[in-house]
Amino acid sequence: MIDRIRFIWQLLVLALVLTLLGIVLISQFNIEISLTVFLVTLGSVTIVNLVTYLVMVAGIYKNNREGVVYLLGGMGVKFLLYLLFILLFWIVTKNLSKPFILTFFALYLVFTFFTAGHLFKLLKNK
C-alpha cells in the first residue's frame with residue numbers, strides 16, 4: 001500500500017515538474033504547440049500511467065499465472081488508452097502536428113521509464 005502511495009506522490013511531483021518545465025520551454029523557445037494542448041497531453045499521459053501502474057501492481061501481488069495476465073493486461077490497457085487519446089485528439093482537432101507528436105512521444109518515454117523503474121523495484125523486492 002505504501003508503494004502505491006509513494007508512486008502516486010512521485011508521479012504527481014513529476015507531472016508538476018514537467019508542467020513547469022513545459023510552460024517555460026514553450027514560452028522561451030516559441031514552440032508551435034499551445035499550452036492547453038501540452039497540459040491536456042500531460043494530464044492524459046499521467047492518468048494513463050497511473051491506471052497502468054495500478055493494474056500491474058495488482059498483478060505483482062497475485063500468484064505467478066494470474067500475475068502475468070495482469071501485467072500483460074496492464075500493457076494492453078496502456079496501449080488502448082493511448083490509442084484512444086490519440087484518436088480523440090485527432091477527432092477534436094482534425095490535425096496532429098509535428099510538435100504535438102514530438103511532445104506526446106517525449107512525455108510517453110519519460111512516464112514509461114518512470115513507471116517501469118517503479119515496477120522493477122517492486123519485482124526485485126518481491
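The values are calculated or read from the model by the stated rules, or taken from the named source; none is laboratory data. Fair warning: this is a prediction, and the values are worked out from it, not measured in the lab. FYI the Cβ positions are ideal-geometry reconstructions off the backbone, even for glycines, and counts take in every protein chain you see. Remember, those area values only see protein heavy atoms, side chains included, never the ligands or the DNA or RNA. Shrake-Rupley method; radii C 1.70, N 1.55, O 1.52, S 1.80 Å.
Accessible area of the chain with a 1.4 Å probe: how many percent of it is carbon plus sulfur? The nonpolar share, carbon plus sulfur, comes to 74 percent. Residue-wise HN-Hα couplings along the stretch 68-80, as the Karplus relation 6.51 cos²θ - 1.76 cosθ + 1.60 with θ = phi - 60° gives them from phi, are 5, 4, 5, 5, 5, x, x, 5, x, 4, 4, 4, 5 Hz; Gly and Pro carry x.
Taking only alpha carbon atoms, the stretch 45-94 gives an Rg to Rh ratio of 1.15, where Rh is the Kirkwood radius. Summing charges over all other residues whose Cβ lies under 14 Å from the Cβ of N49, with Lys and Arg as +1 and Asp and Glu as -1, gives +2. Remark: relative contact order (the chain) = 27 percent; criterion is Cα-Cα distance under 8 angstrom and separation of 6 or more residues. Between F114 and K94, the contour length at 0.36 nm per residue exceeds the Cα-Cα span by 4.1 nm.
Each part reduced to its alpha carbon centroid, the stretch 46-118 and the stretch 3-22 end up 16 Å apart. Between K62 and A106, the distance separating the two model label sites (each 7 Å from Cα on the Cα→Cβ line) works out to 3.7 nm. Between the listed residues L12, L54, F89, the Cα displaced farthest toward the positive end of the dipole of the chain, a dipole computed from Cβ unit charges relative to the Cα centre, is found at L54. Remark: the chain carries a charge dipole of roughly 380 debye about the Cα centre, counting +1 on each Lys and Arg Cβ and -1 on each Asp and Glu Cβ. Here is how the number arises for the chain: DSSP H runs of 4 or more residues each give -39500 (n - 2.57), the sum is divided by the residue count, and the result at 222 nm is -32000 deg cm²/dmol. Assuming a ≥ b ≥ c are the square roots of the Cα gyration tensor eigenvalues, decide whether the stretch 56-126 counts as rounded (a/c under 1.5), prolate (otherwise, with a/b larger than b/c) or oblate. Here the stretch 56-126 falls in the oblate category. Three semi-axes describe the equivalent ellipsoid of the chain; taken as square roots of 5 times the Cα gyration tensor eigenvalues and ordered largest first, they are 30, 17, 10 Å.
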